[in-house]
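In what follows, a structure is listed as C-alpha cells, so that the remarks can point back to it.
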Amino acid sequence: MTNTPSTDYQKFIFIALAAVLLLVPQNSAASQNAGGPDMIQIRLTGAGAKHEMPGAGFPHDKHTAALKNQDCSVCHLTEKGEFVFKFQRIQDGGYNADKTLYHEKCVNCHQRRSEKNLSAGPLTSQCRLCHSQTGGNPDAAQPVSMDRSLHYRHEISSAIHPAAPGEETNCSACHHQYDKTLKKTVYVKGKEDACRYCHKPAFTDNTRSFQTVAHESCLNCHYQIRSKNQKAGPTDCAACHDATRLAGIPKLKDIPRIKRNQPDSALMSLWLNEARASKKPSRQFVNPVAFNHKLHETKVEHCYVCHHASMETCGSCHTRIGSDKSQWTRLDQAMHTDVSQRSCLGCHLEKLKSKDCSGCHAQMVQPKFGDAKCAKCHSIPREWLEPLPEGKEAWARIADRDIRLRAENRQSATNRQISQDQIPEEVTIDVLADQYKGAKFPHRKIVAALSERIQKNELASAFHDGTATICSGCHHHSMDPASPPKCAACHGISKASEPDGRPGLKGAYHSQCNTCHQQMGILKPAATDCTACHKKTDQTSSKMN
Amino acid sequence: MEHLTPTPPALTTGRDTVFTPFNIVSGIIILIGCVITVLRFTRGIGGVSNLNDTNPWGLWIGFDLYCGVALAAGGYVTCAACYIFGLKQFRCAVRPAVLTAFLGYGLVVFALNYDVGRPWRLPYPIFLSQGTTSVLFEVALCVFLYLSVLMLEFSPVAFEWLNWKRARYIIGKVSMVLIIFGIILSTLHQSSLGAIFLITPSKLHPLWYSGYLPVYFFISSIFAGMSMVIFEHSLVARFLHDKIDAEHHLESNNVALGFAKSAAFLMAGYIMIQIIGIAIDNDWKYLPTRWGLWYLIEIIGFVAIPAILYAIGVRERNIKLIQRTSLWAVLGIVLNRLNVSLIAFNWQLPLNQRYFPSFMEIMTTIFIVTIGVVIYRFVVTRMPVLYAHPDFPDDH
Amino acid sequence: MGITRRQFFGWMGAAVGSQMAFTAQAKAAGTAHFTGYPGSMGVLHDISRCIGCRKCEAACNQVNHLPAPETPFDDRAVLEKIRRPHAAAFTVVNQYKPKGKPGPVFVKTQCNHCMEPACVSACFVKALTKSKTGAVVYDASLCVGCRYCMVACPFNIPAFQYHNPLTPEITKCTLCQPRIQKGLRPGCVEACPQEALTFGKREELIKIAKQRIGAYPERYEDHIYGENEMGGCNWLYISNTPFTGINMREDLGITPAPALTAGALAAVPVVVSLWVVFINGLRAISKRKEQIATEEKSQAVSAAVLSEQARFNNEIKQLKEKAKTEKEAAITREVKKALEAAARGPSENGAGQTPPSPKPSGTAHPEKQENN
Amino acid sequence: METDFNTLQEFLTHTKGIAYLLIGVALVALPLFWRFITGRDGKKQTF
C-alpha cells in the first residue's frame, strides 16, 4: 500500500479518466464554500419552489469585512428603527420574487465592485461558485449559551437601559411577556421567563423563531450601543458561533444569584402537597426530598437546564399521574430517568463521566433506578412530618434542616474515612510475573489522590459516606472493603476469562489500572509503556509456542 | 504444401529478408516478454506487477482473461449461426472464428501462467480437488474443456495442411458433437465470468454489480463475438487479402451484414436488461454521480451508439461503416470487462489504494497479444483457414 | 465433510437419485437455515478495552514463526498509518481517531473466520475450508495462487506472498488452529494484557457481549459486529464508537457469501440440459426446413415436368390431328389425282409417297427441361 | 455419508457436486434419447 508519488500520479490519471472528472463542474466551489461558523445556507422555500440548484452558501463575515466602513444598512432594511435580518426585504416575497431579488442585488453589487477593482464575489456566469452542494459546515457553527456569567454581565451593564426608566435592573430590557388583552408585549417583574418558552425553533403562533429573535434582538442592541460609541457586544457571526472565540469569552466567578423570588430550598413531595391541600394526613408514599435549590443554581449554566418548559415548580406539570402538559410523564419518572439531563438521576449520572469520577465509575455497571440508594435523597424522616407541617415557613424549615444535616454528614464522612495506617503504603503485584517483573503499586498515594477529589465535590462526598466506600472502586464486590481478599481469589490465574465474562487475573489488573488512568486523563505512564510499571526480566518471551 | 496456397506477394518479399517491420517490432516485443517472464519466475508476481493484497487482480485478469475470453466469443457465435440456426452463408467465417477463439483461449491460459502463483497446479481444480461451490471452478472446468474442444474443432485445418486424410475424416465425423459442446461450454463460462463477481457486492460499484451479471456477460459476449468476427474480417481483408479465396471474399460482406444486424438488435436488448437491472436494485441514485456518468458513457457511448451505427450500416448496406463500428463495439466490450474487473472494483477505496498496472504488466499483455497476432499470421498464411482446401472442398 | 473422489464416483450410480430425493433428514434448499458448527470457537474483541500495545501482533508473529518486523513491536509509531494484514503479519492493530471521541480507538484486524466464508466458497480447489473448531483453515498444498479468495473476502483479509516466485502462499490468521486443537487459546488472546480479546464458544461470546452492552449501555454501541455480518463470523466485536468510523463496514448485509453465487451455479446444470434440448431442437427445425425445402423443390420440379409433358402431349396430339387431316386431305387429293391419273392413264410413278411427318421441336426432352 | 449440514457451504458443496455429475449424465443421456426418438425418421441423422 505504500506508493511512490509517481505511481500515485499514474493512478490519478487512471482513475481520473475513469471518473471523467472533466465533466463535473463543481470542484473549485466546494473548497471555497466549506465554510466557517459564518456560512449561511440560503435556500428559499415557499410556493413554487423549484430547486434546480443546491442552495447558495453565503459567507457573512467575509461580506462584513469587505464592506468594512459601512453598516448593516447595505444589505438590511430597517423597520421601527431596527434592522430586519433578511436580505433587502422586510418580509419574504415568495419564492420567485425572492430568488430574483437575491440574484439581482447580489450580482449587481458584485458587478459594481469588480468594475471598481474592489474584491468582489461571483458574477452572473459563475453560478456554481455560490450554489454548491457543500455550503455550510454544521460543525463550524456552535450555539452560544447565555450562561449565568454572560447573563450577569448583561444584568449589570450600564450600557443597557431598562424598558421603562427608573427600574433598578436591566431585566425589562430583554424579558417580556405577551399580553393578550393589550395585544403587545409587556414586562412583568418577577415573571421573567426563558426566551425559548415562547420563541420556538420555528416561527409559531405569530411568534418569531428563537433564531430570528436572538439575531434581531441581540444584534440590534449591540449595534445601537456601539453606534453610541460605547463598548458593546459583538455583531459578527464568529464571535458568538466560533468554538475558539466562544471559549475565549471571559467567565465570571462567584456570580450573584439571579433574583426571581426563587426559594433557597424546596421540599419535593407530591403526596405531601396533596395532604396539605386536603388538610388530611395522607398515607405516606416515600419520604420527601429536600432540594437545595441555591446550591444547584451554581451547578448549571442557566435556569433553562432544569426549567425546560416553565419557571413553575416541577410538580405543576409533572403531577403524580402526569398531565397533558407533561405529556403524561409523572414526577417520579421525570426525576429518575437516566436519559434526560433535566432529571436528578440523569444529571448526577452525567457527573460521573467527569474525569474526577470516571476513573472508578466508568468501570462500574451503571446504576439503574432500582439500584439507587433511595434514602440518599429521600432523607426526610417521617417523624419530622408529624404533625403535618403548616405553612411555607414550616416547609422551608424542614427542608433547611435536612440540608444542614446532610452537610454535617458529609463533614463527618470525611472524618470517618479509613485511617492512613490501614492503607498499605505500597503493594507489589507479581503473581503472574514472567516476561516482566511485578509492578510496584503506590497504594496509599493513589487512595489519597482519589480522596482529595471526592472531598472537593459535594455530590461525591455525599455519596461516598461509608468508611470504605472509596475502596470499592477497585476492591469491588468485596464484603469488607477495608480488608479485601486478594484479586486472584476471584480472578482466575489461568490467564483466561471465566465463562461468566469475569476477566482473568491479568486482564483484571491491566484493565483496572489502564482504564482508570485513561478515564482520569493520567497519560503518564502510558498504557502501552510496559516498562514504566514493570521491569523486564531476562525471559524474553512468555511460554507460547 | 506451400504450392497449394495462393502465393502471397507480401510473403515473397518477406522471404528475402526476415527483417520486415512486422517481424522487427514483434521480435522486440517477444524479447521483452521473455525477459519479463524470467523476472516473473525469479522475483515473484510482486516483482513485476503492481498487484497487492487489496488489489489481487489486475491487468492480467482484467484484460488478458476477461477481454480475451469475451473477444474469443466469435468462435461459438459463428458456429451456432452456421450449424445450429442453419445460416449456411456464414460457413466461410467459421474457420477464422474458430482459429481466433482457439488462439484467444490458448493465450488466456498462457497468460494465467503469469498471474497465478503456481501455474503448474492449474489442473488441480479439475483433477485433484474440486471446489464445486466456486464459480471459478466452473470457469476452470469450462475453459479446460472448451480449449480441448476448440483444439479438436480446429484440428481439421491442421490435418488438411498436413494432408492427414484419415485423421481429417475421423474428426469430420464428430464435428457436430464438438460444435454443440463448444456452444454449451461457451454459454456457461462466458456467463460465469460475470458470476465470478457475484460474491463481491461490497466491492463492485452497484451500477455494475447486479444479480444479472452472468446474463449481461453472456449477452454481451454474443455481440462481442460478432463484432470481433466483423472486425477481424476487415483486418484480414486489408492485410491478408491475398489469402482469401473468391468465395470467402464474396461471403464476408454477407457475414458483416448478417452479424451487424443481429448484433444491433442484441445490443438493444442488452441495454434494456441493463436498465432493468438498475430498476431491480433501485440504483437510480447512482446515475447522477461521477460513477454514473462513467456508466452512462459505457452504455450509451459504447453500446447504444454502435448499435445505432450498425443499424444504419445494415439498412444502407454500408460495409465500411459496419467495419468501423465493429472496432467501436469491440472497444466497448473491452471497456465493460475492465470496468467490472478493475475500474469499478474496489471503487470505495481512496485513490492511493487503487491499482494501476505496472510497465511490466502492460508489456506482458502486449507480449501475449503479439504472440497471438504472430501465430494467427503464421497459421492463416499456411493453413486453409481463409480459403477452401482444394483437396477437401466444401467439407465441414 | 467435503466430497472425496471416492464419493464422487460412488454417487455415479443410482445413489444420486436417493441422495437427492429420499434422504429424510437432509435439509432442503428452500427452507434450510444453517446455524454453523455447534460449539465452534471464536474470539470477542472488545474495542473499548484495546490500548494499542501490539502485544497481540508480537504473539501472532511468534506463534506463527513469521519473519521479524522492520520495527519492533513496541514501536508505536507504526500506528500513525492504517495497515492491513499482509504476508508477514496475520494481524495488525490500527489506530483511529473518530469524531467526538477524546482519545484514539484501537482496532485489531485479522481474519474474522466467517461462519459462511466467502473465501471458502470462492476457492476452486478447496484449499480453504471451514473447520468444526470455527477456524477457516488454509491448505497450501492445494493452493494454485489464483487469489480469488482475496477478491471475494468482504473484509480484505487474505494476503499473498507476492515476492515468492515459485511457491507463494495465501496468508491469513489461522485462529491458531493447532493451538486450539491442543486445548490452548490463540496466541493473541493469551498475550492481550487488557483482556480486550476473549476466547470461547461463539454462543457464549454473544452472551458475554450482550451482557456487557446491557451493563454499560452508555459505553457500547448497541451492535455486536460479526453476529450477523455476511451470515455471521466466529470473530465478534463490540465497540465504544460507531463501527463505520473505525473502518468496519456496516453495509455488508447479512447474506452469507455462498448464497450470492449459489443461484448462478444452480443455473449451470439447467443451462446445459436445456441447451442440449434446444440445440437439438433448433437443428431439427432447420434440418426439417431444409428437408421441406428440398421436397417442395422436387415437387415443384415434378409438377413442372408434368405440365410440360401435358403440353407436349397436347401438341403432339394437335400435330397428329393436323397430320391426320393433312394426310386425309392428301389421300383424298392423291386419290383424286390417282383417279384423275387413272382417268388419264398410269404414266407417272411417285403416286404412293407419304407426306413428311412434322418434326417435333427440341422441347420434347424432359431431362433437359430442368436446365431451363 | 453426511446428510445433516451445519453450514450452507457444506450443503452447497454436497449439492453442487451432485449437480456437476448430473451435467455429465445430461450430456450423455439426452442426445441418446434424441437418437432414440428420431431413430426411425429416416436414414442417417447424427442426432
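The values are calculated or read from the model by the stated rules, or taken from the named source; none is laboratory data. The shown structure was predicted, so the numbers you read here are calculated from the model rather than taken from an experiment. Using ideal geometry, Cβ is built from the backbone for each residue, glycine included, and neighbour counts are taken over all protein chains shown.
Of everything in region C:44-79, what is more than 10 Å from chain A (Cβ to nearest Cβ) and charged (D, E, K, R)? Give them in sequence order.
C:E57, C:E70, C:D75
If I filter region B:120-135 for residues that are charged (D, E, K, R), within 14 Å of chain C (Cβ to nearest Cβ) and surrounded by fewer than 20 Cβ atoms within 10 Å (Cβ to Cβ), do I get at least one hit?
Yes; the residues of region B:120-135 include at least one that is charged (D, E, K, R), within 14 Å of chain C (Cβ to nearest Cβ) and surrounded by fewer than 20 Cβ atoms within 10 Å (Cβ to Cβ).
For residues that are hydroxyl-bearing (S, T, Y) and closer than 26 Å to C:A118 by Cβ, scanning just region C:184-228, find the one that is farthest from the other protein chains (Cβ to nearest Cβ). I'd like the intermediate steps shown before the answer.
Looking only at region C:184-228, we keep the residues that are hydroxyl-bearing (S, T, Y), and these are C:198, C:216, C:220, C:225.
Among the residues that remain, those that are also closer than 26 Å to C:A118 by Cβ are: C:198, C:225.
On the way: C:T198: 5, C:Y225: 14 Å.
For region C:184-228, the residue satisfying everything is C:Y225.
Take the residues in region B:154-179 that are within 14 Å of chain C (Cβ to nearest Cβ) and in contact (Cβ under 8 Å) with a residue 60 or more places away in the chain; name whichever of them is nearest to B:Q348 (Cα to Cα). I'd like the intermediate steps shown before the answer.
Of all residues in region B:154-179, those within 14 Å of chain C (Cβ to nearest Cβ) come to B:175-179.
In the following step, the residues that additionally are in contact (Cβ under 8 Å) with a residue 60 or more places away in the chain were identified as B:175-176, B:179.
Numbers: B:S175: 48, B:M176: 48, B:I179: 43 Å.
Taking the candidates together, the pick is B:I179.
Kindly list the number of the only condition in (1) buried (at least 17 other Cβ atoms within 10 Å of the Cβ); (2) of a type in the set (A, V, I, L, M); (3) more than 9 Å from every other protein chain (Cβ to nearest Cβ) that fails for C:I254.
Among (1) buried (at least 17 other Cβ atoms within 10 Å of the Cβ); (2) of a type in the set (A, V, I, L, M); (3) more than 9 Å from every other protein chain (Cβ to nearest Cβ), the lone unmet condition for C:I254 is (1).
Just the residues that are in contact (Cβ under 8 Å) with a residue 60 or more places away in the chain and either in contact with a His (Cβ under 6 Å, 6 or more places away or on another chain) or part of a loop (DSSP other than H, G, I, E, B) (or both), please, taken from region C:178-232.
C:P186, C:C192, C:P193, C:Q194, C:E195, C:A196, C:L197, C:R219, C:Y220, C:G226, C:G232
How many of the residues making up region A:147-168 are among the hydrophobic types (A, V, I, L, M, F, W, C) and either exposed (fewer than 15 other Cβ atoms within 10 Å of the Cβ) or farther than 14 Å from A:C218 by Cα (or both)? Write out each step before concluding.
Here is the first cut: in region A:147-168, the ones among the hydrophobic types (A, V, I, L, M, F, W, C) are A:150, A:156, A:159-160, A:163-164.
Adding the requirement that they be either exposed (fewer than 15 other Cβ atoms within 10 Å of the Cβ) or farther than 14 Å from A:C218 by Cα (or both) leaves A:156, A:163-164.
Result for region A:147-168: 3.
Residues to consider are D:F47, D:F5; find the one that is modelled with pLDDT under 80 and facing another protein chain (nearest Cβ under 9 Å).
D:F47
Of everything in region C:264-304, what is touching a Pro at 6+ places or on another chain (Cβ under 9 Å) and surrounded by fewer than 20 Cβ atoms within 10 Å (Cβ to Cβ)? Give them in sequence order. Please lay out each step first, then the result.
In the first step, residues of region C:264-304 are kept if they are touching a Pro at 6+ places or on another chain (Cβ under 9 Å); the result is C:264, C:267, C:276, C:280.
Passing the criteria: only C:A267.
Assuming A:A488 fulfils every condition listed in (1) in contact with a Lys or Arg (Cβ under 8 Å, 6 or more places away or on another chain); (2) more than 10 Å from chain C (Cβ to nearest Cβ) apart from one, which condition is it?
That leaves (1) as the condition not met.
Just to verify a result, which residue in region B:194-218, among those that are crowded, with 22+ Cβ neighbours inside 10 Å and more than 11 Å from chain C (Cβ to nearest Cβ), is farthest from B:Y105 (Cα to Cα)?
Looking at residues that are crowded, with 22+ Cβ neighbours inside 10 Å and more than 11 Å from chain C (Cβ to nearest Cβ), I get B:L207.
Are there any pairs, at least 6 apart or on different chains, whose C-beta atoms fall under 8 Å, with the first in region A:357-385 and assigned by TED's automatic domain parsing to the domain that holds A:Q333 and the second at pLDDT below 75, and if so, which?
Every condition considered, the pairs that remain are A:R382/A:Q284; A:L385/A:Q284.
Residues in region C:113-129: is at least one more than 8 Å from every other protein chain (Cβ to nearest Cβ) and in a loop (DSSP other than H, G, I, E, B)? Spell out how you get there, then give the answer.
Quick first cut of region C:113-129, residues more than 8 Å from every other protein chain (Cβ to nearest Cβ) only: C:113-114, C:119, C:128-129.
When the remaining residues are screened for being in a loop (DSSP other than H, G, I, E, B), the result is C:113.
Yes, that holds for at least one residue.
I'd like the full set of residues that are without any contact (Cβ under 8 Å) to a residue 60 or more places away in the chain and within 20 Å of C:W275 (Cα to Cα), limited to region B:191-229.
If the condition is that a residue be without any contact (Cβ under 8 Å) to a residue 60 or more places away in the chain and within 20 Å of C:W275 (Cα to Cα), then B:S191, B:S192, B:P214, B:V215, B:F218, B:I219 are the ones that fit.
If I filter region A:219-257 down to residues being surrounded by 10 or more Cβ atoms within 10 Å (Cβ to Cβ) and among the β-branched types (V, I, T), which single residue comes out as nearest to A:C174 (Cα to Cα)?
Once the filter is applied, the top-ranked residue is A:I225.
With (1) modelled with pLDDT of 90 or more; (2) over 27 Å from A:H302 (Cα atoms); (3) among the aliphatic types (A, V, I, L, M) as the list, and A:I403 as the residue in question, which single condition is left unmet?
Condition (2) is where A:I403 drops out.
The rows are residues; the columns are (1) more than 30 Å from B:N50 (Cα to Cα); (2) of a type outside the set (S, T, Y); (3) at pLDDT below 85; (4) surrounded by 17 or more Cβ atoms within 10 Å (Cβ to Cβ).
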| site | (1), (2), (3), (4) |
| --- | --- |
| A:A19 | no, yes, yes, yes |
| A:S28 | yes, no, yes, no |
| A:P37 | yes, yes, yes, yes |
| A:K68 | yes, yes, yes, no |
| A:R89 | yes, yes, no, no |
| A:G93 | yes, yes, yes, no |
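Test of understanding: among C:E295, C:E315, C:E348, C:E326, which residue is at pLDDT below 85, assigned to a helix (DSSP H, G or I) and of a type in the set (D, E)?
Details: C:E295 fails: at pLDDT below 85; C:E315 fails: at pLDDT below 85; C:E348 fails: assigned to a helix (DSSP H, G or I).
Just one listed residue meets the conditions, C:E326.
Could you please tell me which pairs satisfy a Cβ distance under 9 Å, a separation of 6+ or placement on different chains, a first residue in region A:411-427 that is without any contact (Cβ under 8 Å) to a residue 12 or more places away in the chain, and a second residue that is surrounded by 11 or more Cβ atoms within 10 Å (Cβ to Cβ) and part of a helix (DSSP H, G or I)?
A:Q411/A:S461
Within region C:78-96, can one find any residue that is β-branched (V, I, T), buried (at least 21 other Cβ atoms within 10 Å of the Cβ) and touching a strand residue (DSSP E or B) at 6+ places or on another chain (Cβ under 8 Å)?
In the first step, residues of region C:78-96 are kept if they are β-branched (V, I, T); the result is C:78, C:82, C:91-93.
From what is left, the residues that are buried (at least 21 other Cβ atoms within 10 Å of the Cβ) are C:91, C:93.
Those still in the list that are touching a strand residue (DSSP E or B) at 6+ places or on another chain (Cβ under 8 Å) too: C:91, C:93.
Yes, region C:78-96 contains a residue that is β-branched (V, I, T), buried (at least 21 other Cβ atoms within 10 Å of the Cβ) and touching a strand residue (DSSP E or B) at 6+ places or on another chain (Cβ under 8 Å).
For B:A307, only one of the following conditions fails: (1) outside any helix (DSSP H, G or I); (2) of a type outside the set (D, E, K, R); (3) crowded, with 20+ Cβ neighbours inside 10 Å. What is its number?
(1)
Could you please give the count of residues in region B:72-82 that are surrounded by 24 or more Cβ atoms within 10 Å (Cβ to Cβ) and in a helix (DSSP H, G or I)? Walk me through how you get there before you give the answer.
As a first pass, look at region B:72-82 and keep what is surrounded by 24 or more Cβ atoms within 10 Å (Cβ to Cβ): B:72-79, B:81.
Now restrict to residues that are in a helix (DSSP H, G or I): B:74-79, B:81.
Final tally of qualifying residues: 7.
Residues that are within 14 Å of chain C (Cβ to nearest Cβ), closer than 30 Å to C:R283 by Cα and surrounded by fewer than 19 Cβ atoms within 10 Å (Cβ to Cβ): does region B:138-153 have at least one?
yes
Please determine whether any residue of region C:136-157 is in a loop (DSSP other than H, G, I, E, B), touching a Lys or Arg at 6+ places or on another chain (Cβ under 7 Å), in contact (Cβ under 8 Å) with a residue 60 or more places away in the chain and not hydrophobic (A, V, I, L, M, F, W, C).
Within region C:136-157, one or more residues are in a loop (DSSP other than H, G, I, E, B), touching a Lys or Arg at 6+ places or on another chain (Cβ under 7 Å), in contact (Cβ under 8 Å) with a residue 60 or more places away in the chain and not hydrophobic (A, V, I, L, M, F, W, C).
In region C:157-170, what count of residues is obtained for those that are at the interface with chain B (Cβ under 7 Å from one of its Cβ atoms) and crowded, with 21+ Cβ neighbours inside 10 Å?
Residues that pass the stated criteria total 4.
If only one of B:E361, B:E316 is among the acidic types (D, E) and in contact (Cβ under 8 Å) with a residue 12 or more places away in the chain, which one is it? Can you show your working first?
Details: B:E316 fails: in contact (Cβ under 8 Å) with a residue 12 or more places away in the chain.
Of the residues listed, the single one that is among the acidic types (D, E) and in contact (Cβ under 8 Å) with a residue 12 or more places away in the chain is B:E361.
Residues checked against (1) surrounded by fewer than 18 Cβ atoms within 10 Å (Cβ to Cβ); (2) facing chain C (nearest Cβ under 9 Å); (3) in contact (Cβ under 8 Å) with a residue 12 or more places away in the chain; (4) within 17 Å of C:H45 (Cα to Cα):
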| residue | (1), (2), (3), (4) |
| --- | --- |
| A:D480 | yes, no, yes, no |
| A:G492 | yes, no, yes, no |
| A:A508 | no, yes, yes, yes |
| A:Q512 | no, no, yes, no |
| A:Q518 | no, yes, no, no |
